[in-house]
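The values are calculated or read from the model by the stated rules, or taken from the named source; none is laboratory data. What you are looking at is a predicted structure, and each value in this text was computed from that prediction instead of being measured. Note that each Cβ is placed from the backbone with ideal geometry, even for glycine, and that neighbours are counted across all protein chains shown.
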Amino acid sequence: MDQGGETDADAGGVALFVDGPNVLREEFDVDLDDVRRAAEAEGPLVTTRLYLDEHATPGLIQAAEARGFEVVVTSGDVDVKLAVDAARFAAEGRMATLAIASRDTDFKPVVETANGFGIRTLAIAPGEFGRSDALRNAANGSVTLDGDVEFGTDAAAETVGTPETDAAAEADATAEAEERDATRGGDAAEGPGVGGTIHEDRTR
């Protein structure tokens, strides 16, 4: 993958389209790395695009680009731009799997269009509360970032370990290690943390 978030257009793989204003909200606590991993579980990524509106902060854009996302900022309707690009990818055969991260039912026609081209589709929801059943049912598979994964309409959902769970366990282990160091009188300097979760700042 090149620095723009896209590989050879003829390569088969997963095209990930993220509806930023719809997913990157405080109530969902979504990490873009988790979204990427959910899509990568389907295969190698051929494009990773994050769509944002004109109110997106420079910090959000920079953080997304640092995570390998191609950021598309539009002054118009984010949904329309994302849908048009996804439909174009499907028509041009530029992906084997279309993954859309959103909770917006408006993307159902795009998913159905991709299905019509024989492209596998994956709906990624930010959480149980932010899940569109219509979008999930239209897709071949679905992932809810709090742990539910569904493959097709006949398979039962299964709860799997999530990156959030792994991060929590790592944080607990780090806290225990720091407590042990404090008990031993250690005064090692604490390095700066790296925030993993990106939220869109809607403040204007």
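Evaluating Gly76 against the criteria (1) part of a loop (DSSP other than H, G, I, E, B); (2) in contact (Cβ under 8 Å) with a residue 40 or more places away in the chain leaves one unmet condition, (2). On the basis of being touching a residue at least 40 places away in the same chain (Cβ under 8 Å) and under 19 Å from Asp34 (Cα atoms), does Arg131 make the cut? In short, no. Each residue in region 87-121 was checked for being surrounded by fewer than 24 Cβ atoms within 10 Å (Cβ to Cβ), among the aliphatic types (A, V, I, L, M) and closer than 18 Å to Val30 by Cα, and 0 of them qualify. For region 34-57, the tally of residues that are farther than 20 Å from Thr121 by Cβ and either modelled with pLDDT under 95 or touching a Ser or Thr at 6+ places or on another chain (Cβ under 7 Å) (or both) stands at 5.
Only one entry in Glu70, Glu27 is at pLDDT below 95, surrounded by fewer than 20 Cβ atoms within 10 Å (Cβ to Cβ) and within 24 Å of Thr144 (Cα to Cα), namely Glu27. Of the residues making up region 93-112, those that are assigned to a loop (DSSP other than H, G, I, E, B) and within 12 Å of Ala134 (Cα to Cα) are Ser102, Arg103, Asp104.
Go through region 30-56 and give me each residue that's surrounded by fewer than 15 Cβ atoms within 10 Å (Cβ to Cβ) and not in a helix (DSSP H, G or I). Within region 30-56, Ala41, Pro44, Glu54, His55 meet the criteria.
One residue stands out among those in region 1-15 that are surrounded by 14 or more Cβ atoms within 10 Å (Cβ to Cβ) and out of contact with any Gly (no Cβ under 9 Å at 6 or more places or on another chain): the one that is modelled with the lowest pLDDT, which is Gly4. The condition of being assigned to a helix (DSSP H, G or I) and either over 18 Å from the mean Cα position of the chain (by Cα) or farther than 25 Å from Asp146 by Cα (or both) holds for only one of Ala63, Ala90, that being Ala90. Whether a residue is in a helix (DSSP H, G or I), under 15 Å from the mean Cα position of the chain (by Cα) and buried (at least 20 other Cβ atoms within 10 Å of the Cβ) was assessed, and Leu82 passes this test. Do we have Leu98 as in contact (Cβ under 8 Å) with a residue 24 or more places away in the chain, closer than 19 Å to Leu145 by Cα and in contact with a Phe, Trp or Tyr (Cβ under 9 Å, 6 or more places away or on another chain) here? In short, yes.
Among the residues of region 56-70, those that are among the aliphatic types (A, V, I, L, M) and either in contact (Cβ under 8 Å) with a residue 60 or more places away in the chain or closer than 24 Å to Arg131 by Cβ (or both) comprise Ala56, Leu60, Ala63, Ala64.
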